[in-house]
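The structure appears right after this line, and notes come after that.
The values are calculated or read from the model by the stated rules, or taken from the named source; none is laboratory data. Remember, predicted model here, so these are calculated numbers, not experimental data. We place every Cβ from the backbone using ideal geometry, glycine too, and count neighbours over all the protein chains shown. SASA here: full protein model, heavy atoms, side chains in, ligands and nucleic acids out. Shrake-Rupley method; radii C 1.70, N 1.55, O 1.52, S 1.80 Å.
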Amino acid sequence: MRLWTKLAVSLGLILVFAFEAAGAFVFRSVEGAHLERFSRALAAQGELLAFHLAPYVARASGEREDFVLADIDNVLKNLSSLAGARVQVLGADGVILVASPPDFGAVGLRNTAPEAKSALAGMPASRRGIQEGLGRAELLAVPIEHDGATVGAVLLVASMEEMYADVGRIMRLYVASAALALGLAIGVAGLITRAIAAPVEALTRQAEAMMGGDFGVRVPVYGEDEIGRLARAFNTLADRLKDALDASDRERRRLASILTHMSEGVLAVDREGRLTAINPKAIRLLGLTGSAERWIGRPAEAAFGLAPEEAEGSLFSRPGTFLFDTPEGRTVRVTTSPVAEAGGTGAIVVLVDVTEDKRLEARQKAFVADVSHELKTPLTTIKSHVEALLDDPPPPEVQAKFLATVARETDRMIRLVGDLLFLARLEGEAAPLRRVPLSLERLVRGAAERFRPAFRQAGIALALEAAGADLWADGDWDMLDRVLDNVLSNALKFTPAGGQVTVTLGPADGGAAEIRVEDTGIGIPEEARERVFERFYRVDKARSRAHGGSGLGLSIAREIVERHGGTIRAEGRPGGGTAIVIRLPAVAKAGRAPEAGREASAWPG
Ligand SMILES: Nc1ncnc2c1ncn2[C@@H]1O[C@H](COP(=O)(O)OP(=O)(O)OP(=O)(O)O)[C@@H](O)[C@H]1O
Ligand SMILES: [Mg+2]
């Protein structure tokens, strides 16, 4: 049942009871007052009759003469002013001397009523009850005294119906006005309780809405009383709560989005070592299956595929860092930082993929070792020759040979260091490409022509197939020239006399231009075809060294080609020999002659 209905019903019941109690009281009072007045009037009547009848009755007891009785009758007629009252006059012996009209027949009979007896004994008596023909009535017996002796009694019976009718009229009037007042009172009470209950109900509804997460509801404020102040306080509370919740919601979403988009994997661990959060990156790094929800609540160790350390508590209860190898072969650095949380210490665990760092580190170490090794060989040669010259100078022709060796090894070291510096500059972007539109045909033809005498001398045929290939690229002439230089010098180095080298320029798929340098030389074993592009990698070290090569040429070539957005690869040829295939993005022919570009991008040194 709603509050206002309860209030209204209780108030209504109280009002009904109050009116009923008041009604009962009024009825009692009115009835009492009427009854008393009625009895007093009857008693006065009785006294009057008794007084006036006394001389006649005293006489009548002796003689009972008819004229005396007639006198009595006269007195009765004159004095019986009470409407509807019946009168009997008794002699001292209780015999009825005279009676008012309906009781005529009783004259001469003895009245034996107890009240009559009491009155004849000198004591007035009365009784109320139902009388035939009169309804509710009062009977009064009064002694008639004469000269100090009781000579008879007068009995009066008066109907009270008229009096009750009066009382009834008064009560009906009361009930009618009370009903009207009650109706009005109940109506007003309803309105008042409604006015009190409505804001309370509104407050309840808002509290319920707030419980359901809706903070938009507002309670109307009707005034400055307690309920008005409560409503105002409630609205303010709702505003503050909404603000606080919004703020924490924003914060949570921001945090979630940071976590989701972080490049590091992050896990949150509670004081019992259970996961409370895990971001997508952590899931990927650890190679876990399923969504984050699947892992929440499970021991953090499970995400690492480890069994929890029973004796020492969670692995993540202490700050620290360790490296973890994932099932997918990656290396992850795991850093645990404790975080104070309610009732204990949790932890934030950050995962960083250090696979690349480790690979780089290994590569750098290998590189330093390779460089040291490459430098050590010529230095040892130089040292031994110089020592020989110093200690025990050989004959002059041998000295000249030794000095020539020293000069060759020094040249090789200078070339090596130069190549390394160039490679470092290329990788460090310190050597920006000076790109101009250039004719690839001119580039290829220029390089081939430069090498022609050397090929002729080595007894190798050199063919150029670039006819009609009017292909242009946006490139750095000197850099690309350096690529062709190395590829052609390799073909020259690794092709025996009598061999054939063919340079082809033509279009390739996807708007690319392709330069192929094919030879009929010693070839590159299939498993080494990718590795020849690594620094210092040579298939046959001794042979390559004999040609003065350090194994950097193709790695520099790949670096340059890739910086032009192209590719370079080594292929085997069916009849033995090698094909080096270079692809570069081709561009529309430019109006500018590539020579102009060449001048503009003179090789810096
Ligand atoms: N045309 C080819 N035929 C056979 N082997 C080749 C050919 N080109 C390259 N190679 C192999 O690849 C290796 C690497 O070549 P790269 O040009 O990088 O080094 P290099 O020629 O030995 O030294 P550098 O170019 O620094 O003088 C060579 O040592 C050789 O073993
Ligand atoms: Mg080379």
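Mind checking which helices (runs of 4 or more DSSP H) fall wholly inside the range 220-331 and carry at least 2 residues that are within 29 Å of Ala202 (Cα to Cα) and open to solvent by 60 Å² or more (accessible area, probe 1.4 Å)?
The helices (runs of 4 or more DSSP H) meeting that bar are 226-261.
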Inset, instruction - Being within 23 Å of Ala454 (Cβ to Cβ), free of Cβ contacts under 8 Å to residues at least 12 places away in the same chain and surrounded by fewer than 16 Cβ atoms within 10 Å (Cβ to Cβ) narrows it down to one of Ala546, Ala497, so name that one. - result: Ala546
Inset, instruction - Tell me which residues, restricted to the range 1-13, are at pLDDT 80 or above and surrounded by 13 or more Cβ atoms within 10 Å (Cβ to Cβ). - result: Val9, Leu11, Gly12
Inset, instruction - Residues being away from ligand 2 (no atom under 16 Å from the Cβ) and either within 22 Å of Pro507 (Cβ to Cβ) or out of contact with any strand residue (DSSP E or B) (no Cβ under 9 Å at 6 or more places or on another chain) (or both): count how many of those fall in the range 453-495. - result: 19
Inset, instruction - Please tell me if Ala458 is in the same structural domain as Ile560 (by TED's automatic domain parsing), within 16 Å of ligand 1 (Cβ to nearest atom), open to solvent by 50 Å² or more (accessible area, probe 1.4 Å) and not hydroxyl-bearing (Ser, Thr, Tyr). - result: no
Legend entry - Some residue of the range 538-553 being within 58 Å of the chain's Cα centre (by Cα) and among the charged types (D, E, K, R): no
Inset, instruction - From (1) under 30 Å from Val9 (Cβ atoms); (2) without any contact (Cβ under 8 Å) to a residue 40 or more places away in the chain, pick out the condition that doesn't hold for Tyr174. - result: (2)
Inset, instruction - May I ask you to list the residues in the range 556-588 that are in a helix (DSSP H, G or I), more than 15 Å from ligand 2 (Cβ to nearest atom) and under 19 Å from Val517 (Cα atoms)? - result: Glu562
Inset, instruction - Output the residues belonging to the range 539-555 that are of a type outside the set (Asp, Glu) and more than 9 Å from ligand 2 (Cβ to nearest atom). - result: Val539, Lys541, Ala542, Arg543, Arg545, Ala546, Gly548, Ser555
Inset, instruction - Taking Met211 as the residue in question, decide whether it is among the aliphatic types (A, V, I, L, M) and surrounded by 15 or more Cβ atoms within 10 Å (Cβ to Cβ). - result: no
Legend entry - Residue selected from the range 160-188 under the condition touching a strand residue (DSSP E or B) at 6+ places or on another chain (Cβ under 9 Å) and surrounded by fewer than 20 Cβ atoms within 10 Å (Cβ to Cβ), by the criterion nearest to Pro102 (Cα to Cα): Glu161
